[in-house]
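Below you'll find the structure, written out as structure tokens, and then a few comments.
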Amino acid sequence: MKYDITVIGSGPGGYIAAVRCAQLGMKVAIVEKYNTLGGTCLNVGCIPSKALLDSSEHYFNAQHTFSEHGIGVGKLELDFPQMIKRKSEVVGVTTGGVEYLMKKNKIDVFTGMGSFKDKNTILVSGEKEQTIQTDKVIIATGSKPSTLPFIKIDKKRVITSTEALELQKLPKSMTIIGAGIIGCELGSVYARLGTKVTIVEYLDRIVPGMDKDIAKELMRSMKKNLKIDFQLSHKVTAVSTTTRSTTVTAENKKGESVEFKAEYCLVAVGRRPYTEGLGLEHIGVSTDERGRIPVDEHFQTAVPGVYAIGDVIKGAMLAHKAEEEGVCVAEFIAGQKPHINYRLIPGVVYTWPEGAGVGYLEEELKEMGREYKVGKFPFKASGRARASMDTEGFVKVIADKETDEILGVHMLGPRIADLIAEAVVAMEYRATAEDIGRMSHAHPTFAEAMKEAALDAWAGMPLNI
Amino acid sequence: MSIVEIRVPEIGESVTEVTLSQWLKSDGDYVEMDEEIAEFESDKATLEFPSPNAGILHIIAEEGSDLQVGDLVCKIDTAAAKPAATATPATTPSPEPTPVAKADPTPVKAEPVSSGKPGKVEEIRVPEIGESINEVTLVAWLKEDGDIVALDEEIAEFDSDKATLEFPSPFAGKLKIIASEGEDLKVGDLVCTIDTGFAGASAPAPSAATPAPAAQPAPTPAPAPTPTPQPAPATKSHATGHPSPAAAKAMAENNIAPTQISGSGPDGRITKQDVLAFLRDGGTAPADQVVAAVEASGGSREQSRKKMSRMRRTISRRLVAVKNETAMLTTFNDVDMSKVMAIRNQYKKVFEEKHGIRLGFMSFFIKACANALMKYPAVNAYIDGDDMITNNFADVSIAVSTPKGLVVPVIRNAESLSMAGLEGKVRELAKKGRDGNLSLEEMTGGTFTITNGGVFGSLMSTPIINAPQSAILGMHRIEERPVVIDGQVVVKPMMYLALSYDHRIIDGKESVGFLVEVKNQLQNPEQLLLGADPVKLVLGL
Ligand SMILES: Cc1cc2nc3c(=O)[nH]c(=O)nc-3n(C[C@H](O)[C@H](O)[C@H](O)COP(=O)(O)OP(=O)(O)OC[C@H]3O[C@@H](n4cnc5c(N)ncnc54)[C@H](O)[C@@H]3O)c2cc1C
């Protein structure tokens, strides 16, 4: 039997592409080398990290804020193995959901490593060897944690995010290399639970790519509340291990060599596209200097009929970006003409307070010479934030000076990962700050901060500050 | 509910389809029973359509749409109360413009809410447009009666003699239409009123911030919902023509450009519904896009559709209007061009050296016409109402073909210009025309027009006069033809001349006489002027 489409990789890019292809009437196969579906995101990424972030946040609150709410909990205990077990259950239920979706959409699942024999033949090497005949192929093989050339990841003491989500015993101390989103999120998890966390970062700021004010405020909060030790502008030069500890050597701004000792070293310096064993050479597709598969605007590779999406191609390594591309590639193949506005893919860091942004950064607008105005509203002035004792952060709305069109929205605060969706809707419709300022927002909610910041951006006249 | 659906009635035995040519009432108007609300056209006749009920009119079918007997035309809300204004003293609505100092007729229902500010009703009159323009035609209202308009938002389209002008609203507020479409208005005539007491697009800023104790959002002056779905964009903004994600996909799939659709969303945003409606109404891909070819035995059968440019539409409307409104006919003659050509050949070089300009044929024709116009003033005159206006100057319009269409810049006082002066003007205006740089002023107010179809190879034609002028001369190609002179067949370079004229003020005697005069002057160039060595004089050498 010949399939219309074979998808390689079952992450959010791959499984969504498979579902959409099936919805559009194609006969679809999906190949996944692991026994569970869902890829990085569901197994060792978004979902497990959020499970641990939520658990650890509860623990932290029980320890630090409950008493002020008038709740005494007696002697607080941490059952770390249970926390990890619950996380695994969440992952299990979620990946099971993907399996259900495959059945529902009559998508055939092949377990094993997929590789190209030619552009219409996929070899699946699992428990047994199988070949799949297919008209078209979508590559969605995602990414793997990357490292620095001189660091050897032993997965025992020097670990990546994957292992950090699987530890059986709470570390006493942890050095994290990289203050990006994954470093900050996992750093938060362990710091909340009592691990002494040090984050070493090469740049002079955390969460690069996000708004500068978010970075500043977030770092201040994590230092103050979680006692995380940030070592910015430090260039890591070596990592050494003993059976019980790790030593990270770094060069500070003055050129001096400094050492950070801890039980674990978590390497969170980014991720690289994953194409090993895929047999791209058999179809004449080569990767670029960063290991990514080059594609055209329809996600087609140099070989007609072979497409690629998600972390394995250019662009932000985000699950929702991979999903959008999964939908689009399916629709392109079906002859439709969808469109992704990459400018409007939000970026989020799930710390507490959460940070999120979409659209242009102030620095980008400055560089473009575009005139803009900024409106800001702090959660300190939000009734809802006071009620829940989550008064850190702000919403910042950037609008075109002349037309008032919203050009960027950046926020730090409680549950703003959900709130950023409002900014995306507004910007997809090219709303003005005034438009948002004139829409009713339920009271009292965190979302009111968005309206107030918009009013501030529009005419400098927020109502509640 | 007392909404009555109004459908196309049985009109006559053989009539099954009509075209809704015009709405005589606007959407939202209060109409009386038996009041004429629309005009239908059947195959043969135009029918006025009386409303079978009294109430508020909700227009459904659009102007220009073809309707079958039984199709829905409009709805009438019979529950709606009659507006106060029409109920006052006089039993019949006064045809006078509504007194402006007074407030609007009492809003019936779902009217935009007043902002509560003391509303001021501003009278909007036809502004000074250009020196020679004292009359314009109100071609179309771009907004409907009762619409809330923003400052500088285009509300109407005026036609002057030469150009179409969009008319921006000088105030923000609620529009009350006074002048109707097609009406000719003088500078200073009342066009509409705008009640500035209505919260509109440019709503006032919320008043100074007061730190409220609780985060209770203060009610902001919200723009109230408008009575009916608004077809026209409310205001032009950065987002006008911006499609929603779903609309963008549908447009991409059907090769529709944003400019082809007028968005009905806020500020003219394009909604998915707009795209679907566009497709349903027969909207197709732009002209340069191949439209699905019908399968046929051999040979391509491509068609394309593209909206005419505004200039094209204006030209088309005006040409048809001239044909309908004047008593136009054409008289012909022919002219032996030998002498003009001989003069040209003889003096071409020296003329160019002296004046830095080529000596063309155009100057001869303009000169001949200017002279003949002085002799036959009726050909140089035009009708204004019941009056006839004669001109003691010859402002000759020259038809210039440009990429966008025909334009007719004017050479003023052609009767007193030298040949070099005429050639210079012709060159200058033609260039400006092609570059699109002609000013309104330069295209306004000729008294007679010359058009040269000869440049495209035309042998003979019947040009259409350039209203409000009364005559136009058509030049054609020069070709050698056998003619009989003194009983001998000889070959001469001949050109046919055509003069189309408005018989209402020009009689056959004058038109024919005029054309003969032009012919004689061209055949005897020395007559083009007076005095000794006439040729040298006229060439300014
Ligand atoms: C700790 C962590 C937290 C994260 N949190 C977030 C978050 O909160 N929000 C967010 O948007 N993103 C988050 N991400 C990023 C997100 O997980 C990725 O962007 C997303 O998973 C990319 O999806 P994908 O489909 O391109 O690839 P992946 O999810 O990486 O899936 C690729 C799949 O392909 C399989 N595969 C690869 N090669 C083959 C082969 N040859 N044959 C068969 N199968 C193969 C792999 O086993 C894998 O299952 C996080 C990542 C990490 C590591």
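The table for this structure:
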item: FRET efficiency, B:Ser262 to A:Lys152 (Cβ-Cβ, R0 45 Å, nearest 0.05); result: 0.10
item: Per residue convex hull volume, Cα atoms of region B:422-531, in Å³; result: 158
item: Rounded Å value of the spacing that divides the Cα centres of region B:363-387 and region A:225-243; result: 95
item: Nearest-20 debye value, region A:352-465 charge dipole, Cβ charges on Lys, Arg, Asp, Glu; result: 400
item: Heavy-atom accessible area per residue - chain A, 1.4 Å, Å²; result: 44
item: Alpha carbon Rg of region A:363-465, scaled by the compact-globule rule 2.2 N^0.38 Å; result: 1.00
item: Fraction of beta bridges assigned by DSSP in the protein assembly as shown that are antiparallel (%, nearest 5); result: 75
item: Reduced Cα scattering model of the protein assembly as shown, Debye log10 I(q)/I(0), q = 0.07, 0.08 Å⁻¹; result: -0.87, -1.00
item: Inter-part distance where region B:480-524 and region B:434-470 are each reduced to a Cα centre, Å; result: 20
item: Extension gain from B:Glu5 to B:Glu123, taking 0.36 nm per residue of separation minus the Cα-Cα distance; result: 38.9 nm
item: Only Lys, Arg (+1) and Asp, Glu (-1) charged, at Cβ; region A:116-207 dipole about Cα centre in debye; result: 320
item: Range of Cα positions in region A:207-296 per principal axis (Å), largest first; result: 52, 39, 26
item: Cross-link pairs A:Lys33/A:Lys104; B:Lys339/B:Lys509; A:Lys373/A:Lys451 - those with Cα-Cα distance over 25 Å; result: B:Lys339/B:Lys509
item: Base-10 log of normalised Debye intensity for region A:158-269 (one unit scatterer per alpha-carbon) at q = 0.09, 0.12, 0.23, 0.24 Å⁻¹; result: -0.20, -0.37, -1.34, -1.44
item: Chain A: calculated mean residue ellipticity at 222 nm from DSSP helix runs of at least 4, using -39500 (n - 2.57); result: -10000 deg cm²/dmol
item: Antiparallel DSSP beta bridges within region A:97-222, as percent of all bridges there, nearest 5; result: 65
item: A:Gln130 versus B:Phe393: modelled label distance in nm, points set 7 Å from Cα along the beta carbon direction; result: 9.2
item: Kirkwood Rh and Cα Rg combined as Rg over Rh, evaluated for chain A; result: 0.98
item: Buried accessible area, chains B and A (both chains, 1.4 Å probe, Å² to nearest 100); result: 2300
item: Charge dipole (region A:333-462, unit charges on Cβ, about Cα centre) - positive-most of A:Phe446, A:His339, A:Ala387; result: A:Ala387
item: Accessible surface of B:Asp29 - all protein chains present, 1.4 Å probe, nearest 10 Å²; result: 40
item: Accessible heavy-atom area order of A:Ile340, B:Ile60, highest first, probe of 1.4 Å; result: B:Ile60, A:Ile340
item: Carbon plus sulfur fraction of accessible area for region A:158-269, probe 1.4 Å, in percent; result: 52
item: Convex hull volume of region A:138-208 per residue (C-alpha atoms, cubic angstrom); result: 127
item: Unit Cα scatterers, Debye sum, region B:326-539: log10 I(q)/I(0) for q = 0.09, 0.18 Å⁻¹; result: -0.34, -1.40
item: Binned Cα-Cα distances of region B:302-402, short to long, each 5 Å bin given as a whole percent; result: 2, 8, 11, 15, 16, 15, 11, 9, 8, 4, 1
item: P(r) histogram, all alpha-carbon pairs of region A:73-196 included - 5 Å bins from 0, percent; result: 2, 7, 12, 15, 15, 13, 12, 11, 7, 4, 1, 1, 0
item: For region A:361-416: rounded, prolate or oblate by the Cα gyration tensor [a/c cutoff 1.5]; result: prolate
item: Region A:236-353: Rg to Rh, with Rh as the Kirkwood radius over Cα pairs; result: 1.13
item: Within chain A: Cβ-based charge dipole about Cα centre, in debye rounded to nearest 20 (Lys, Arg +1; Asp, Glu -1); result: 1220
item: Per-residue SASA entry for B:Trp141, accessible area with 1.4 Å probe, Å² rounded to 10; result: 30
item: Beta bridges by DSSP in chain A, antiparallel share as percent, to the nearest 5; result: 60
item: Paramagnetic reach from A:His298 in region A:308-334 [backbone N under 18 Å; point 7 Å along Cα→Cβ]; result: A:308-310, A:325-334
item: Dipole of chain A, positive direction: furthest Cα of A:Gly284, A:Met461, A:Val424, with charges on the beta-carbon; result: A:Gly284
item: Virtual spin-label span in nm between B:Ala252 and B:Ala277, 7 Å along Cα→Cβ; result: 2.4
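The values are calculated or read from the model by the stated rules, or taken from the named source; none is laboratory data. In this text, all values refer to a predicted model and were calculated from it rather than measured experimentally. All Cβ positions, glycine included, derive from the backbone under ideal geometry; neighbour counts span all protein chains shown. Heads up: the accessible areas ignore ligands, DNA and RNA and are worked out on the full protein's heavy atoms, side chains in. Shrake-Rupley method; radii C 1.70, N 1.55, O 1.52, S 1.80 Å.
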